[in-house]
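Data first, discussion second: the structure below is written as structure tokens.
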Amino acid sequence: MKITGIDGMTVNEVVDEVRQGGKFVIYYYCISIAIMTFKRPSSIYFIRATESGQGAKFTLMSILLGWWGIPWGPIHTIGSLITNFKGGKDVTAEVMSTIAQQAAS
């Protein structure tokens, strides 16, 4: 999965940023088409300690396009909104584990 926000950073720079409070997050969005509803994760975003999240576009997409499928549209839209309003799903531990494994290889 693609990670947005770490372009040009070394592994040590990423580790330092995480130690300072940076994190890796996934946002969710929901799109409904008639009776079909799709809830999908975004790419992984690296949010530095000094930055705010990137979830607004996924939240807006869900608000505009997620409600229309019955019954899952409202259910998945509300779930996506709750996750995004909490700052996204934190996947820092998993990403850092993968980075550590790749650095050891």
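A short reminder: the numbers here are calculations on the coordinates, not readings from a lab. Just so you know, these numbers come straight off a predicted model, no measurement behind them. So basically every Cβ, Gly included, is an ideal-geometry build from the backbone, and we count neighbours across all protein chains shown.
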Residue 34 to residue 75: FRET efficiency via 1/(1 + (r/R0)^6), r the Cβ-Cβ distance, R0 22 Å, to the nearest 0.05? 0.85
When you count, for each residue, the other Cβ atoms within 10 Å and take the mean per peptide, how do 45-53, 72-80 rank with the highest first? 72-80, 45-53
Of the listed values [x] 0.93; [y] 1.08; [z] 0.99, identify the label whose number matches Rg/Rh (Cα atoms, Kirkwood Rh) calculated from this model. [y]
